[in-house]
Amino acid sequence: ETGVTQTPRHLVMGMTNKKSLKCEQHLGHNAMYWYKQSAKKPLELMFVYNFKEQTENNSVPSRFSPECPNSSHLFLHLHTLQPEDSALYLCASSSAGEAFFGPGTRLTVL
Amino acid sequence: GQNIDQPTEMTATEGAIVQINCTYQTSGFNGLFWYQQHAGEAPTFLSYNVLDGLEEKGRFSSFLSRSKGYSYLLLKELQMKDSASYLCAVRDQVNKLIFGAGTRLAVHP
């Protein structure tokens, strides 16, 4: 148990669907991240929130929309995705030290 | 720009020692991290260096030289379960954690 939870663990969606990924951390951290990991590619940083404020948007397409209502919760809203968006989506949180990762959501876009 | 380099793949023998190198060029530096990731799982934290020198933690050690932009992860007494990807990551001055592509380590009997 790392203290970072993600739901759902697996998601299959069509290109016209709208879905949301949820991340929750119980570690008192002030920064939360969304990463994308595609097969045989490095972890790609998508979004960073520090104290609920978005500090980084790494040229991510607008079909991905993050939301951070408070320092413990982070969402990634998905709409009109493409098959190439299929990947493992990892949430992480940190303060001054190491980042802790959630188990990830395995997303498949048909 | 941000750049973190590490070898793509390495192989080693059970019981041996292996060193995985990482070089980095980033916008500021607030620490270097090593993570282990088994296939299909999330990365798990191994070590953290913010000052120059060696940090030892059981069978794993990590070294940092900030002036050279260089780190290595040393794994001793290798076990089969150490077969995994090892990710080098640097935190920059705005709290962004940037990852390298990872090194896939295969441990053979």
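Taking strands (runs of 3 or more DSSP E) as the structural unit, those lying wholly within segment A:9-79 and holding at least 2 residues that are buried (at least 17 other Cβ atoms within 10 Å of the Cβ) and within 14 Å of another protein chain (Cβ to nearest Cβ) correspond to A:18-25, A:31-37, A:44-50.
Is it the case that some residue within segment B:19-39 is at positive phi and surrounded by 15 or more Cβ atoms within 10 Å (Cβ to Cβ)? Within segment B:19-39, one or more residues are at positive phi and surrounded by 15 or more Cβ atoms within 10 Å (Cβ to Cβ).
Among the numbered criteria (1) over 13 Å from the mean Cα position of the chain (by Cα); (2) outside any strand (DSSP E or B), which one does A:Thr108 miss? Of (1) over 13 Å from the mean Cα position of the chain (by Cα); (2) outside any strand (DSSP E or B), only one is false for A:Thr108: (2). At least 2 residues being within 12 Å of chain A (Cβ to nearest Cβ) and crowded, with 20+ Cβ neighbours inside 10 Å is the threshold, and among the strands (runs of 3 or more DSSP E) wholly inside segment B:60-101 those reaching it are B:84-91, B:97-99. For first residues located in segment A:83-104 and over 14 Å from A:Gln37 (Cβ atoms), partners that are among the β-branched types (Val, Ile, Thr) and buried (at least 22 other Cβ atoms within 10 Å of the Cβ) and lie 6+ apart or on another chain with Cβ distances below 8 Å form the pairs A:Ser93/A:Val4; A:Phe100/A:Val4. Looking only at segment B:16-53, filter to residues that are small (Gly, Ala, Ser) and either farther than 13 Å from B:Ala106 by Cα or in contact with a Lys or Arg (Cβ under 7 Å, 6 or more places away or on another chain) (or both); which one of those is farthest from the other protein chains (Cβ to nearest Cβ)? Applying the filter and picking the extreme gives B:Gly53.
Okay, residues lined up against (1) farther than 19 Å from A:Leu11 by Cβ; (2) of a type in the set (S, T, N, Q); (3) at pLDDT 95 or above:
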residue: A:Lys40; (1), (2), (3): yes, no, no
residue: A:Lys52; (1), (2), (3): yes, no, no
residue: A:Val60; (1), (2), (3): no, no, no
residue: A:Pro69; (1), (2), (3): yes, no, no
residue: A:Ser72; (1), (2), (3): yes, yes, no
residue: A:Cys91; (1), (2), (3): no, no, yes
residue: A:Ser95; (1), (2), (3): yes, yes, no
residue: A:Arg106; (1), (2), (3): no, no, yes
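Just one residue in the set A:Ala92, A:Ala87 is within 14 Å of another protein chain (Cβ to nearest Cβ) and crowded, with 20+ Cβ neighbours inside 10 Å; that residue is A:Ala92. Assessment of segment B:16-27 against the conditions (polar (S, T, N, Q), assigned to a loop (DSSP other than H, G, I, E, B) and more than 13 Å from the chain's Cα centre (by Cα)) yields at least one matching residue.
The values are calculated or read from the model by the stated rules, or taken from the named source; none is laboratory data. Keep in mind that this is a model prediction, so the values were computed, not measured. Note that each Cβ is placed from the backbone with ideal geometry, even for glycine, and that neighbours are counted across all protein chains shown.
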